[in-house]
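Heads up, the thing below is written out as structure tokens.
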Amino acid sequence: MNFTIRAMEKADWPEVGELIYVSINYWYHTHGSGPKFNNGPESTQLFCKIYEDIDPGCCLLAVNESSGSIAASCFYHPRETHVSIGIMNVHPNYFGHGAGRLLMNEIIRVADEQGKPLRLVSSAMNLDSFTLYNRCGFVPRQVFQDMYIEIPEGGLSVEPPSLASRVRSASPDDVDAIADLEKELVGIRRPDDYAYFIENQDGWWSGSVIEDAKGNLDGFLFSVANSASNIIGPGVARTEEDTAALLHAQLQQHAGRSPVFLVPSDCCDLIGTLYSWGARNCEIHFSQTRGEWSPPTGVVLPTFMPETG
């Protein structure tokens with residue numbers, strides 16, 4: 001098959017939303033799991049809106065030259081320090097025809113022209129996508145456990161962590177400190193993402209920060225609650241104790257829901273605390289990079305809205 005690569009336009013949102021809905025639900029269904037999206041393909045246009053709000057014009061489509069149908073889509077995010085690969089989907093009708101590889105090649109070209117590394121988070125269960133990224137030069141760097149907790153309508157009824165009193169809601173004045181902390185601990189910087197979350201024009205986002213005894217920022221954590229996405233992250237913190245306090249605060253924002261969050265598998269104390277709160281595992285993800293990478297010196301909670309490697 002022959003494909004044309006072009007940028008997504010607003011008129012493509014319904015078809016891209018359906019592509020995301022069909023491809024992800026199809027993959028999980030054929031691998032013995034239930035659907036990830038239950039509210040119809042219109043709900044998954046959320047991805048188009050959020051990604052376009054933050055990075056206009058940064059979604060590429062592979063279009064079948066014969067039929068004009070969209071075979072694959074991939075969002076990407078140019079940042080000060082790197083380029084991040086967002087959600088990528090290939091329609092089941094086009095599995096194995098090279099549409100995904102064409103999109104990856106184009107985004108690699110963009111990153112190479114800018115002289116920046118590429119970062120992504122991908123499922124360890126999906127060997128097709130893992131192989132694609134691996135062939136493109138991505139290297140797995142860190143393992144994350146996808147965990148979830150069923151939050152009662154009255155909120156999480158567990159004893160607050162010892163540092164809970166140092167957590168407060170994020171404000172616009174925190175954006176630079178948040179971006180600087182992520183640069184210090186992870187080596188990446190993206191203040192525009194955090195300004196967007198805190199502005200929260202659609203009412204979907206929540207954010208918390210934790211301070212030390214002198215009022216300096218020790219961590220932050222955001223989450224999204226929408227019919228198509230209920231995920232806690234992104235977030236970064238200096239210690240597992242800081243992270244537990246931030247997670248407790250954000251879980252309380254999701255009463256009556258079952259939010260998913262990704263936790264580094266080597267954070268044994270944190271994971272033990274989460275198990276005691278009722279957390280369960282549902283998947284495994286890898287953070288991967290193509291190009292320069294330095295091990296984080298803090299705790300990273302990545303996400304898919306927008307993707308963070």
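Checking Val158, Val110, Val139, Val143 one by one, the residue that is under 22 Å from the mean Cα position of the chain (by Cα) and either in the same structural domain as Trp293 (by TED's automatic domain parsing) or closer than 27 Å to Ser223 by Cβ (or both) is Val143 and no other.
Taking into account only those residues within region 264-280 that are in contact (Cβ under 8 Å) with a residue 24 or more places away in the chain and hydrophobic (A, V, I, L, M, F, W, C), which is surrounded by the most Cβ atoms within 10 Å (Cβ to Cβ)? That would be Leu274.
Inside region 284-304, residues that are outside any loop (DSSP other than H, G, I, E, B) and within 14 Å of Pro234 (Cα to Cα) make up a count of 5. Of all residues in region 179-192, those that are in contact (Cβ under 8 Å) with a residue 60 or more places away in the chain and surrounded by fewer than 17 Cβ atoms within 10 Å (Cβ to Cβ) have Cβ atoms under 9 Å from Cβ atoms of residues that are β-branched (Val, Ile, Thr) and assigned to a helix (DSSP H, G or I), 6 or more apart or on another chain, in Asp192/Ile54; Asp192/Val175.
Of all residues in region 168-202, which are assigned to a loop (DSSP other than H, G, I, E, B) and under 24 Å from Arg141 (Cβ atoms)? Passing the criteria: Gly187, Ile188, Arg189, Arg190.
Only residues that are touching a helix residue (DSSP H, G or I) at 6+ places or on another chain (Cβ under 8 Å), touching a residue at least 40 places away in the same chain (Cβ under 8 Å) and farther than 17 Å from Phe304 by Cβ were counted in region 81-112, giving 3.
Yes or no, residue by residue, for (1) surrounded by 17 or more Cβ atoms within 10 Å (Cβ to Cβ); (2) assigned to a strand (DSSP E or B):
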site: Val236; (1), (2): yes, yes
site: His248; (1), (2): yes, no
site: Leu262; (1), (2): yes, yes
site: Cys282; (1), (2): no, yes
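Taken together, the residues in region 4-52 that are surrounded by fewer than 18 Cβ atoms within 10 Å (Cβ to Cβ) and aliphatic (A, V, I, L, M) amount to 5. Pairs meeting the criteria (first residue in region 119-142 and farther than 16 Å from Ile284 by Cα, second residue among the small types (Gly, Ala, Ser) and part of a helix (DSSP H, G or I), beta carbons under 6 Å, at least 6 apart or on different chains) are Leu132/Gly100. When each of Gly34, Gly40 is tested for being of a type outside the set (A, V, I, L, M, F, W, C), on the phi > 0 side of the Ramachandran plot and not in a strand (DSSP E or B), the lone residue that passes is Gly40.
The values are calculated or read from the model by the stated rules, or taken from the named source; none is laboratory data. Everything numeric in this text was worked out from a predicted model, so none of it was measured. Every residue, glycine among them, receives a Cβ derived from its backbone with ideal geometry; neighbour counts consider all protein chains shown.
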